[in-house]
Number of protein chains: 2
Amino acid sequence: MKRDQLSDQQCSVARSSAVLGDPWTLTLLSDCFLGVRRFEEFQERLKVSRTTLTSRLKRLEEHGILVQCQYEQRPPRFEYRLTQKGKDLFPVVSTLLAWGDKYYWEDATPPIIRTHKHCGHDFQAYTACSECGEPLELKDVEARTRPDNDRYPPVERGPFKRGS
Amino acid sequence: MKRDQLSDQQCSVARSSAVLGDPWTLTLLSDCFLGVRRFEEFQERLKVSRTTLTSRLKRLEEHGILVQCQYEQRPPRFEYRLTQKGKDLFPVVSTLLAWGDKYYWEDATPPIIRTHKHCGHDFQAYTACSECGEPLELKDVEARTRPDNDRYPPVERGPFKRGS
DNA sequence: TATGTTAGTCCATATTCAGGACTTACATCG
DNA sequence: CGATGTAAGTCCTGAATATGGACTAACATA
């Protein structure tokens, strides 16, 4: 299967991955959340080739995650901004960052520190249940596929069982 | 820059992306959380080429996210299981899934439904602040880079400002 | 006029991927 | 005994994608 066919799968992770699933896109989005908006700035920070950057920005635009805005008339200049759909990726990037901080910096201070203005503390993101607000743990989650989902049938052994 | 050099960057998202940032890896992990463990089963569900699957499994193993366990002596057969580091990716996959459910299924029933055994309800994941427990919102977060982080200097315009 | 800036495009080479055939090491069926 | 089946891969070839650097357009500034 090719990457763009992933968009047609009966699985939200597969569809999301078709758009976000490459190393530059995720890092690029992380930069968006830090306020980066311009081509040259992305290129300098990511150190990705200009062709690849162009294609990633285009894909994110096609999928409605970024919009190109003109910020100068003459000469015509554009920048990229997050749409609401893009802003809604904030939790994804935040949890990815939290995981990276945990496993790639361990006890050291991570390279980017974030403060929650609401409570005034430096924080990490964690994930919780929308219904009861408790932190989400793998062992408390039971997944089932919708009956008509023949593309991703349930696993025989049953999800989340048998130790490691 | 090449993908594996991302692992050396002063940015947790970049490092995480170096390992997870491709469409198959994320979908593969999602299947791991559904209980999938065997080569043939991954291959059949993901419909990815066998060579690519082999390389992804190898990478996840090298990074300590999966371990290969022998589940049968004769003939020797192996399966892949999540380590603790791998299980800690559950929030990442969960938020990615929540985003996909929101934007690719809108009001329809998403293809995979998850129940929180703790409270008994079907749920979606949301992300919160580790210090005060409030749901995390982009506008409440202020990010700063560690002073000695010359690789990812702060953005001039300041993070998270100026509307869209 | 010369140089600089921003947002790209173009091109040659290098790397990676898809899809299918093949392999190894056994178990089972007739 | 020989044929077929199964799981977990490897090997191969052609196709697609990425890299890095040069180049371009459309202006602004010195």
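Among the criteria (1) hydrophobic (A, V, I, L, M, F, W, C); (2) within 16 Å of DNA strand D (Cβ to nearest atom); (3) over 19 Å from B:Ala143 (Cβ atoms), the one A:Leu26 does not fulfil is (3).
Exactly one residue out of A:Tyr104, A:Tyr71 is exposed (fewer than 15 other Cβ atoms within 10 Å of the Cβ), farther than 30 Å from B:Thr115 by Cα and aromatic (Phe, Trp, Tyr): that is A:Tyr71.
Could you list, in sequence order, all residues of region A:106-136 that are more than 7 Å from chain B (Cβ to nearest Cβ) and at pLDDT below 95? Result: A:Glu106, A:Asp107, A:Ala108. Remark: pairs (first residue in region A:1-13, in contact (Cβ under 8 Å) with a residue 12 or more places away in the chain; second residue surrounded by fewer than 17 Cβ atoms within 10 Å (Cβ to Cβ); Cβ separation under 6 Å; 6+ apart in sequence or on different chains) = A:Gln10/A:Arg151. Residues in region B:37-46 that are crowded, with 17+ Cβ neighbours inside 10 Å and among the basic types (Lys, Arg): B:Arg37, B:Arg45. Here A:Gln5 does not qualify as touching a strand residue (DSSP E or B) at 6+ places or on another chain (Cβ under 8 Å), near DNA strand C (Cβ under 9 Å from one of its atoms) and of a type in the set (S, T, N, Q). Of the strands (runs of 3 or more DSSP E) entirely within region B:46-134, those holding at least 1 residues that are within 16 Å of DNA strand D (Cβ to nearest atom) occupy B:66-72, B:77-82.
The values are calculated or read from the model by the stated rules, or taken from the named source; none is laboratory data. The structure presented is a predicted model; accordingly, all values stated were derived computationally and were not measured. Note that we place each Cβ from the backbone using ideal geometry, even for glycine, and neighbour counts take in every protein chain shown.
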